[in-house]
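Colleague: Dropping a structure here in C-alpha cells format, bear with me for questions.
The values are calculated or read from the model by the stated rules, or taken from the named source; none is laboratory data. A quick note: this is a predicted structure, and the numbers were derived from the prediction, not measured. FYI the Cβ positions are ideal-geometry reconstructions off the backbone, even for glycines, and counts take in every protein chain you see. Side chains included, ligands, DNA and RNA excluded: accessible areas come from the protein's heavy atoms. Shrake-Rupley method; radii C 1.70, N 1.55, O 1.52, S 1.80 Å.
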Amino acid sequence: AIDPDDHVTAGLEALEGFISERTAWLIGHHMEGHKIHDRTIGARRKRRLSAHQWNDDLCSLSQCDRDGRTPGAEVDDLEQALDYIEGIEEMFGD
C-alpha cells in the first residue's frame, strides 16, 4: 500500500527503528520465501537461505502469506489477531 513497485523497501523504511533485526530480515527476504516455495529461486541462493538461522521462520512466514490470500479462508477477528501478535512479541522479544 505504501509503494506497490517496491513494497519491501518501502515497508522496511517505514518500520525502521520499530522492529527487530529478525523481523527486518524476514520482511527483507519474504519474496525469496515465495520463490523457494514456487521453485523459482536459484540453487546457490536457496542454499544460503537454508543455512540462515531464521530460514524456518521465513518458510513459515511464506506459508502464512500464501494462506492469507485464500478467498473465503476463516480468519481470527482483529482482537484475536492482535493478541496472537503480542504473544509472539513476548516469545521472541520483537
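Colleague: I'm trying to understand the selection: among the residues of the range 51-63, which are over 12 Å from THR23 (Cβ atoms) and surrounded by 12 or more Cβ atoms within 10 Å (Cβ to Cβ)?
Modeller: Within the range 51-63, HIS52, ASN55, CYS59, SER60, SER62, GLN63 qualify.
Colleague: Return the residue satisfying two criteria in turn: it lies in the range 11-63 and is in a loop (DSSP other than H, G, I, E, B) and among the aromatic types (Phe, Trp, Tyr), and of such residues it is nearest to GLU86 (Cα to Cα).
Modeller: Top of the filtered list is PHE18.
Colleague: Residues being open to solvent by 70 Å² or more (accessible area, probe 1.4 Å), among the charged types (D, E, K, R), under 22 Å from GLY28 (Cα atoms) and in a helix (DSSP H, G or I): count how many of those fall in the range 64-89.
Modeller: Summing the residues that are open to solvent by 70 Å² or more (accessible area, probe 1.4 Å), among the charged types (D, E, K, R), under 22 Å from GLY28 (Cα atoms) and in a helix (DSSP H, G or I) in the range 64-89 gives 3.
Colleague: Next question, about the same structure. ASP77 versus (1) within 17 Å of the chain's Cα centre (by Cα); (2) free of Cβ contacts under 8 Å to residues at least 40 places away in the same chain: which is the lone unmet condition?
Modeller: Single failed check for ASP77: (1).
Colleague: Inside the range 7-50, can you point out the residues that are in contact with a helix residue (DSSP H, G or I) (Cβ under 7 Å, 6 or more places away or on another chain) and surrounded by fewer than 12 Cβ atoms within 10 Å (Cβ to Cβ)?
Modeller: none
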